[in-house]
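Student: Before we start, here is the structure in question, set down as structure tokens.
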């Protein structure tokens, strides 16, 4: 019985890993090789020549950078903006708080895809099409992050806040010295989810960008792929180059990423 | 005076969020309502048409076909996603030397960019030169000289898209289940095994019920996310063969940007919003009733 489990487990792991291995191996094959059997995919001759061609001959590396840049800026700003709003909702006793809370909560029901057509018109009116700013500012409002972070802030005891107030600290100090440091796992969790969301955001760049210098990967990769028809080497080089940076990040931050996702499940 | 000062403080903290929220979520909602009553092109507002766009939508077979396709995708991927995520979590939760490797392996595809995953799928499912048919030939499942045309046969195209989606996105749900399993106290299992419960019984009587709330959450999020599917299908099948896999978002996009009819596209966006809203409300009611009971 134990062996049955083991075999199933190994097969499952293979199903998940083999496509990635295939991508990697095909990317280092020599172009124009004939593949007639299953194992031909994995045999030499290998060559890195196509990597050079793609790196110097296309804008791919620029797009990798754009994707990281946009996702990075969106992540930092989204979490900061959401944390500020969550702090006000959680710990500042202002009037109309309930109304404000429901106003933001209602945003959970509005899927971004449902507002994308009018968003195009709005961004056009504001001259935000075809710009980094247009990619970034349109992505910053995350009611989900506000609501989740408010939940975590609510758990911070008021005594801590009062002790800072006794020392003459104002709201900014409380925010920076107590709220943010004490909820670091939650902030990291929101940051990871935001980053992955932005990393994969396809629809909005697809609609709003025409300048290929600004493309992010989800948008740029298809424009390259449509030019390659001879074999799979170039496409797989594109795929591999696009994935290596994020895989390295994953290897470094795996524990935090896994933790961050688990945490989002507990609060959700 | 003090009250005003506190209100002002709160406002300062809320302001950055409110600005982006109102400009890029609330205002487009309102704008969309306006646009759906106009003939509106990519260049400019043309003319007021009243309820024409809505009437057209209700009689537009292509729109309802697209709604149906998205629904097929929801039914195809949601239950399989949950079963697969639980199965993978069971594998990664067993004590073994490879435990960590399993966890990384099941999650790794989730970090790929949507286009990388989609093109990987597109190339793997090609006939003659694709990897999947190659494996089937190699294992002797597919006879020599025969090919499966994954992407040109509607029902097979659905399977290909669903399989790719599961492979690419199951990682998140897998992690949620895995951490839920690890939170179940060992004492419960120990007590059960003292009472002579078999492993299988423990899974159905303890593990699964203890993860109920996470299952409900995943179910809800998965249904809504699946209704919004676009990119994988767009790359892998292009909505074909003959529009037989075209989802709602793709039809909205094509109406707006290829047929230059933003007004109609905005109308259909509202319909999508309404569908998702109804689903959320049903879900909310069902959940609350269960918790009350």
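Since every read-out is calculated from the coordinates, none of them should be taken as a lab result. Fair warning: this is a prediction, and the values are worked out from it, not measured in the lab. Here the Cβ positions follow ideal geometry from the backbone for every residue, glycine too, while neighbour counts run over all protein chains shown.
Student: Shielding by partners for B:119-126, please: the mean number of other protein chain Cβ atoms within 10 Å of each residue's Cβ.
Tutor: 5
Student: Most fluctuating residue of A:183, A:240, A:115 in a GNM of chain A with Cα springs under 10 Å: which is it?
Tutor: Taking springs between Cα atoms under 10 Å, the residue moving most is A:115.
Student: Quickly estimate the mean residue ellipticity at 222 nm for the protein assembly as shown, helices only: each DSSP H run with n ≥ 4 gives -39500 (n - 2.57), and the total goes over all residues, rounded to 500.
Tutor: Estimated from H runs of four or more residues: -22000 deg cm²/dmol.
Student: Which value in Å does the Kirkwood hydrodynamic radius of chain A take, with 1/r averaged over all unlike C-alpha pairs and then inverted?
Tutor: 21.9 Å
Student: When a/c reaches 1.5 or more, the comparison of a/b and b/c decides; with that in mind, is the range A:1-111 rounded, prolate or oblate per its Cα gyration tensor?
Tutor: The shape class here is oblate.
Student: Evaluate E = 1/(1 + (r/R0)^6) for residue A:10 and residue B:1, where r is the Cβ-Cβ distance and R0 equals 51 Å; express this FRET efficiency to the nearest 0.05.
Tutor: 0.10
Student: With a ≥ b ≥ c the root eigenvalues of the C-alpha gyration tensor of the protein assembly as shown, is it rounded (a/c under 1.5), prolate (a/b larger than b/c) or oblate?
Tutor: It comes out oblate by the Cα gyration axes.
Student: What order do you get for B:7, A:159 when you list them from fewest to most C-beta neighbours inside 10 Å?
Tutor: Lowest count first: A:159, B:7.
Student: In terms of the ratio Rg/(2.2 N^0.38 Å) built on C-alpha atoms, what value belongs to the range A:168-268?
Tutor: The range A:168-268 yields a ratio of 1.51.
Student: Taking R0 as 45 Å, what's the FRET efficiency between residue A:223 and residue B:194 from their Cβ-Cβ distance, rounded to 0.05?
Tutor: For residue A:223 and residue B:194, the calculated efficiency is 0.10.
Student: Shifting gears a bit: Can you bin the range B:207-285 into rounded, prolate or oblate? Criterion: square roots of the alpha carbon gyration tensor eigenvalues sorted a ≥ b ≥ c, rounded for a/c under 1.5, prolate for a/b above b/c, oblate for the rest.
Tutor: Taking the square roots of the gyration eigenvalues as a ≥ b ≥ c, the range B:207-285 is oblate.
Student: Taking the alpha-carbon centroid of each part, what is the distance from the range B:83-111 to the range A:1-53 in angstrom?
Tutor: Here the answer is 20 Å between Cα centres.
Student: Taking 0.36 nm per intervening residue step and subtracting the Cα-Cα distance, what contour gain separates residue B:75 from residue B:87 on full extension?
Tutor: Stretched fully, the residue B:75-residue B:87 segment lengthens by 2.4 nm.
Student: Which FRET efficiency value, to the nearest 0.05, is calculated for residue A:47 and residue A:251 with the Förster distance at 30 angstrom and r the Cβ-Cβ distance?
Tutor: Computed FRET efficiency for residue A:47 and residue A:251: 0.70.
Student: I'd like the mean, over residues of B:3-14, of how many other protein chain beta carbons sit within 10 Å of each residue's own Cβ.
Tutor: Partner Cβ neighbours, averaged per residue: 6.
Student: Using a 10 Å cut-off around each Cβ of peptide B:273-280, what is the average number of partner chain Cβ atoms that fall inside?
Tutor: Average neighbour count from other chains, rounded to a whole number: 3.
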